[in-house]
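Accompanying notes for the structure given below.
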């Protein structure tokens, strides 16, 4: 029944509800000797902070992270790292009404059915605030990856019908628009689209893409623990994600073998793929090309339009959800996708260390 | 580093290579008292058997399953169930040539990089034959689900560009065509398309869809162990799967909240959703609607067309892969998808039993 | 590499160092609907509190537990329960000297070798304070067991050479002496023995026994997950525990089969054992008798006597450890043993729910 | 509910019953590149073979192991290694009678209570034959340890009241007596004792000790995954084991701190312990001394003396168990203890590889 634990060698357990005392994560299995301070984590958390643009809720969450254990004199000690963000703005009153009915597109109904009741304040454990813990853990994983030469970068590919120029993304402008789109023209159009949605008391979904550079070849395990299967698990576990693709994804289903196969050529004395339809994974193991995957994010279910639903007494009612809700969560989810990817990749990297006798012998060799 | 283990309460470990002695699986955690015989498993294995049509390899694999343990006097005993299928046609000679180079779209290169060498006979552990073990375990999981009133049905939605009538699939004809398409007209067109592919020494991909009926509400865990995340992991771990969608999937990324939300109404005294854009999962837990998901399958990478690649000596070469290869693996993968879904759903059902104190008290109550 | 995670269905992850910000635990998999408040946990923590007698350190640790998540309106919600105890008395200065050398009987040397350095303040993660988290989680597990009719009671069997009357323990006096001995005469003698130890700048070990009543028959799994094997793991993972016995333990090695076998007789219409040499476990499953096991606790390694050791510069030195150290940790470890037993037994109880088809069918039956 | 899976990075799943088709194990996570053939495993299996002396059952089990997967051209490939031993002498008839009653000291009763029925043939899954799989997997683990300079040696310390000279064990004679005692005089006395037991239709227990040399410092994890806790789990999971001690074990409970602490001195430029009361583990991590532990084995419960028990109809009866049963299982269990130790130590060694950033950087460094 445990559902808030993830990873094998770099294992995390997250906790906390939207309107409880805070959100936290414990990392069990972080290697010793990593330089780590709260600022390393804070800068990632700030990327998911609401209130940064007109398209995210005006709530002022400070989301200041505190390292509670596992770091001594600026370095990780190899023991569990507990991270916590206190909840500052707990206005439970706002949410009391939703206790009585089931919001469409939310987990209210399933929570009640599974557990018999629920912490209805702001979605409780199903709130988007849960992702604070993912980002905090992801910041630690990402810092380790960085030291190993691996970079993970997620960005917004589309908002509703507005898609970036996928042939030529311009990452230099990605942080210049609040939608994290690597295409200023698309960002402008997406903004206009979102304003329409807001006027119509509606919301929008979108697609997040992610690119990983520098991963050594051979990371990921065959059969059930394929790297792409684990990434799919990690990314699909983020609330609101409805689809996952590696490489060409669903387009691969329409292509022929001659189109989809990536030929190998030699470059700098090493085999490299000429194309990357596979998205950097062959047989579940990294193949030396960029890892490339996408996640489909559904529209925020909390909308002010009138919706039909039922209440706990079994009565059919109509509701209209007001309050502080993002018309789109895609931009804030970018860093969450990046974080889950970092956690997954690091875990696979650490596990891979015991794959070969020659390397194990080398590791433990004595003089 | 273990990669061939899957599941928590219903845990499986698979083994075996394409041209080794056989393929097998051990199931640790199968409940006691299930009536089980080899025929229960054989009938599922027969669905993935090659040589059933002109679109699958003419190899005659008998794939007879043997129950080696865990069943006594026709019932499971609660101890591990070992299942094995002997490999009959081991013509390693056919494959010796591929030892020297890296086939595009295959795991040859990544295996060599990860492990230093590989069992090159027929793809070794990365062969499609590995799925025999998934189907054998899935047959057991499926039989248990059936007794609990849960049915899992996968089918072919598309082959290359040929898509079934998704509004009105006709499941009664699904087994009347070798492509497992619930639409005879589409099956005819897809056959014609595949014949073209074969003439062109090429291959095709496609999409498999899966529907689950009868799953109780509340199955799956919040946060990382969401039902859809686990299904994604399970399905993406099948070789050749490049994408996964739950419910509307990527289409949800383009829809507005007002379009994507599923309203609740009362029916027979219970809340039910009017639509099912969510694919039967809300907040990672089953919501009482049909579970509906899709998997994108890439085209068979083994094609007779000339392809560029490199060999182990670092020389650029051209190859053309001959031998017994399916021009499309989608039809044979249908039962594999169904099997992985069954294993995942059963595991989640068993884990869910400890979710509520009232039910645990009831379970262990004494008189 | 993760080492601070325990359990399968009732999974805990602990964190915190002796002189860090606090000690905590997250419980992932606690069933929903359990009435739980901080006082339920506090009363167990108070049992391991130091400063309760002259034989435990005079440090005044308040050890107030805070529930950070997972409880709503007085009941567990099924989501992770985070518990935290802030460290109040962090006088790191006391410990600065020990940074430079390796205390005999402590983990200073092994920490340095494994991780390259260590948080030397008060033993860091290897401090006895780590057990605060075990007791907090154990309090939750114990409360659930209690509701299921299972009671777990640990007590002090011996301190140094002083052993209780093992034939007739008197549990009514157990809480009337600070050593938790169910024998006032033995407690008096043990007190005298400890005073001698203290005068001699020395310390003492002892034995803790534990009895479990009310566990249903059949809990625990065959082969590797035997109930006694899991209890051994749980109890041996407590710092300072050097031995574990179930039932007659090492005495069984000297007995003959005719002496050690427990005959079955009928009682109230059920098979019951006439004796309990087995300690309540047969073939790794509970057999309906009391579960009975023992743990050997070594003497506190921090003693004021002069000891030989080496420092980080590789110099041989002599040290004498002063400060606030218990001359015996056995009494304070009693509740820790009880807690680990409770966690282990609950986990096994929850896992056992999926052992039989008839019970699963009953659980999920629909009308 | 799975109970036949063990280990994290070197994970094994075992299967098979006494009188089923065979006994097997799958190893998931064995590093690639290990030279391995059936003879490597066979020689270990031969050590547990019955019929080698008058104190073990005269059954002629050949116990020939077959490697079914994971080895190619004499080397492990990194994929699962399936090992199987066919059961040759399946005389189920011998055992039919025991189907109806519960043998004292056996798991008959608990199996029936847990699962509703049982495979009664020869103890089914609870038979000592189950250990064939442990030894097969242990042989692989032991071979890897050997290549890393780690040796594991178990031996018989006592049979009933006959104890070896524990101060001066003579390992050169250990294999010269069928009891695996490193003391010929003790072996003679133990033989005489066992003959008495047999005459009296009775059986004997004993103690097995195990010494590990060459393990690097720092293996094992702090808190729950302490090396000694994992060894305890591994060893206590062997049927008939009733107690576990590391180092001085229960004697440590009687010693003072000044007696039990191991002083550090310098030797060859490294800190070493002067004594080894700790048994080679400090704080759950190997400390560079020999790992030393003991296991208490109960007397064989199958004895020809008359015993009281009940049958499945709830009638009190008297039974006398005839057939081929060892009067002592200690000698045959020696290799089983050694195997479980090897599996546990290897798993801990592999997991330890990700403990430090400096070593991870070194492992993955690029030029």
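Just so you know, all these numbers are worked out from the coordinates, no wet-lab data involved. Please read all numbers here as calculations on a predicted model, not as lab measurements. Cβ atoms come from the backbone with ideal geometry, glycine included; neighbour counts cover every protein chain shown.
Peptide C:305-316 is shielded by partner chain Cβ atoms: per residue, an average of 4 of them sit within 10 Å of its Cβ. Here is the P(r) of the stretch C:281-343: all C-alpha pair distances, binned every 10 Å from 0, give 16, 29, 23, 17, 12, 3 in whole percents. In angstrom, the C-alpha Rg and Dmax of the protein assembly as shown are 31.2, 95. A convex hull fitted to the Cα coordinates of the stretch A:90-171 yields 178 cubic angstrom per residue. P(r) tail, the stretch A:322-364: Cα-Cα pairs separated by more than 17 Å, 58% of all pairs.
Which value does Rg/Rh take for the stretch C:123-173 over its C-alpha atoms, Rh per Kirkwood?
Numbers: Rg = 15.3 Å, Rh = 13.9 Å.
Taking Rh as the inverse mean 1/r over Cα pairs, Rg/Rh reads 1.10.
Across peptide B:97-110, the mean count of Cβ atoms from other chains lying within 10 Å of each residue's own Cβ comes to 5.
Normalised by 2.2 N^0.38 Å, where N is the number of residues, the alpha-carbon radius of gyration of the stretch B:219-338 equals 1.51.
For the residues B:298, B:43, B:256, a GNM of chain B with alpha-carbon springs under 10 Å puts the largest fluctuation on B:256. With the Kirkwood sum run over all distinct C-alpha pairs, the stretch A:5-363 has a hydrodynamic radius of 21.7 Å.
With contacts taken as Cα pairs under 8 Å at a separation of at least 6 residues, the stretch A:181-334 carries a relative contact order of 32 percent.
By how many degrees, 0 to 90 and rounded to 10, does the Cα axis of helix B:38-48 deviate from the longest principal axis of chain B? That helix lies at roughly 60 degrees to the long axis. An ellipsoid equivalent to the stretch B:154-229, defined through the eigenvalues of its Cα gyration tensor, has semi-axes of 31, 16, 8 Å when rounded to whole angstrom and sorted largest first. Considering only A:315, A:351, A:167, the Gaussian network model of chain A with Cα springs below 10 Å gives its largest mean-square fluctuation to A:167.
Normalising the average separation of contacting C-alpha pairs (under 8 angstrom, six or more residues apart) by the number of residues puts the relative contact order of chain A at 20 percent. Explain nothing, just the number: relative contact order of the stretch B:292-367, from Cα pairs under 8 Å at least 6 residues apart, as a whole percent. Reported as a whole number, the value is 21 percent. Result for chain B in a Gaussian network model with C-alpha springs under 10 Å: among B:96, B:86, B:106, the largest mean-square fluctuation is at B:96.
Chain C versus the axis that turns it onto chain A: the residue with the nearest Cβ and the distance in whole Å amount to C:13, 2. The stretch A:101-122 and the stretch D:298-354 have Cα centres spaced 50 Å apart. Can you give me the C-alpha center-to-center distance between the stretch C:133-160 and the stretch C:199-218, rounded to a whole angstrom? Value for the Cα centre distance between the two parts: 12 Å. Compute the angle between helix A:184-199 and the longest alpha-carbon principal axis of chain A, please, reported from 0 to 90 degrees and rounded to the nearest 10. On a 0 to 90 degree scale, this one is about 30.
To the nearest ten degrees, helix D:227-236 and the longest principal axis of the Cα atoms of chain D are 10 degrees apart. Averaged over the residues of C:271-277, the number of partner chain Cβ atoms lying within 10 Å of the residue Cβ comes to 4.
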